[in-house]
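*Asks:* I am attaching a structure below and will ask some questions about it afterwards.
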Amino acid sequence: MSTPTAPPPEALDDLDHAVRFLAATPTHEGRDPRLLRHWARTAEEFGAALDPVPCRARIVERADGLERGLLARYTSRPTPTVELYTDTLAAAEALIDERGWRHWYPPGSVRAAALAHESVHEHLHHGPAKDALKRALGHVVLRAGRFRLHGHVAGAEEIAAHAHARTVCGLGRSPLLLTAALADAVTHREK
């Protein structure tokens, strides 16, 4: 008896990738799939609707992203910094060519998308947009009369950042597809 093979990552649409991402995020185990889909859709719409935000952080290039499992990363301390991992960027570009996805991700778009993505993390970290995302998601963790406290939804900012990068960089698919395929390719190479 043969084992069914998983569909290729490109067979899933961007929203399905976002839902899978949330479902795999700690704290979401056992959550209703319809709620995860609602949160994923809301985060995508929120990120796609954000105005382009410039990256004000210091940009540092490093070459150890594959071993760390990172393409880019925003850190706020001690100085706001975006780390771009050149080895992972190169691996992503090679994977795009290998999979025939260049029509979705034009040359150089991975780096541009990584910067756009991390600029959203910076924007959400330092401004009122973080609360706006929480309100949009509607995850109420405390109610007292008319008072509502909206909670953090783990993974929602990441989905919003991917949707923003797709929109501002004019990509055919979300960078979430690319990161899922890249993680899968790296995992298979290590085996």
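*Asks:* Inside the stretch 108-135, can you point out the residues that are open to solvent by 40 Å² or more (accessible area, probe 1.4 Å), modelled with pLDDT of 95 or more and of a type outside the set (Lys, Arg)?
*Replies:* Correct list: Ala112 only.
*Asks:* Right, here's the next one. Please tell me if Gly155 is over 15 Å from Val53 (Cβ atoms), open to solvent by less than 30 Å² (accessible area, probe 1.4 Å) and in contact (Cβ under 8 Å) with a residue 24 or more places away in the chain.
*Replies:* The answer is yes for Gly155.
*Asks:* Just the residues that are more than 13 Å from Ala48 (Cα to Cα) and part of a helix (DSSP H, G or I), please, taken from the stretch 130-152.
*Replies:* Once the filter is applied, which keeps residues that are more than 13 Å from Ala48 (Cα to Cα) and part of a helix (DSSP H, G or I), the stretch 130-152 yields Lys130, Asp131, Ala132, Lys134, Arg135, Ala136, Leu137.
*Asks:* Quick check: anything in the stretch 46-61 in a loop (DSSP other than H, G, I, E, B), of a type in the set (A, V, I, L, M, F, W, C) and open to solvent by 70 Å² or more (accessible area, probe 1.4 Å)?
*Replies:* No, there is no match, as no residue in the stretch 46-61 is in a loop (DSSP other than H, G, I, E, B), of a type in the set (A, V, I, L, M, F, W, C) and open to solvent by 70 Å² or more (accessible area, probe 1.4 Å).
*Asks:* Consider Glu98 against the criteria (1) open to solvent by 50 Å² or more (accessible area, probe 1.4 Å); (2) touching a residue at least 60 places away in the same chain (Cβ under 8 Å): it satisfies all of them except one. Which criterion is unmet?
*Replies:* Glu98 satisfies all of (1) open to solvent by 50 Å² or more (accessible area, probe 1.4 Å); (2) touching a residue at least 60 places away in the same chain (Cβ under 8 Å) except (2).
*Asks:* In addition: Check whether at least one residue in the stretch 82-91 is surrounded by fewer than 20 Cβ atoms within 10 Å (Cβ to Cβ), of a type in the set (Ser, Thr, Tyr) and over 23 Å from Gly170 (Cα atoms), and report yes or no.
*Replies:* no
*Asks:* Moving to a separate point now. Could you list, ordered by first residue, the pairs with Cβ atoms under 6 Å in which the first is in the stretch 55-78 and acidic (Asp, Glu) and the second is open to solvent by less than 40 Å² (accessible area, probe 1.4 Å), at least 6 apart or interchain?
*Replies:* Pairs found: Glu61/Leu84.
*Asks:* Looking at the stretch 158-180, which of its residues are small (Gly, Ala, Ser) and surrounded by fewer than 24 Cβ atoms within 10 Å (Cβ to Cβ)?
*Replies:* Gly170, Gly172, Ala180, listed by residue number.
The values are calculated or read from the model by the stated rules, or taken from the named source; none is laboratory data. Predicted model, so just to flag it, every value in this text is computed and none were measured. Every residue, glycine as well, gets a Cβ built from its backbone with ideal geometry; the counts of neighbours run over all protein chains shown. Only protein heavy atoms, including side chains, enter the accessible area calculation; ligands, DNA and RNA are left aside. Shrake-Rupley method; radii C 1.70, N 1.55, O 1.52, S 1.80 Å.
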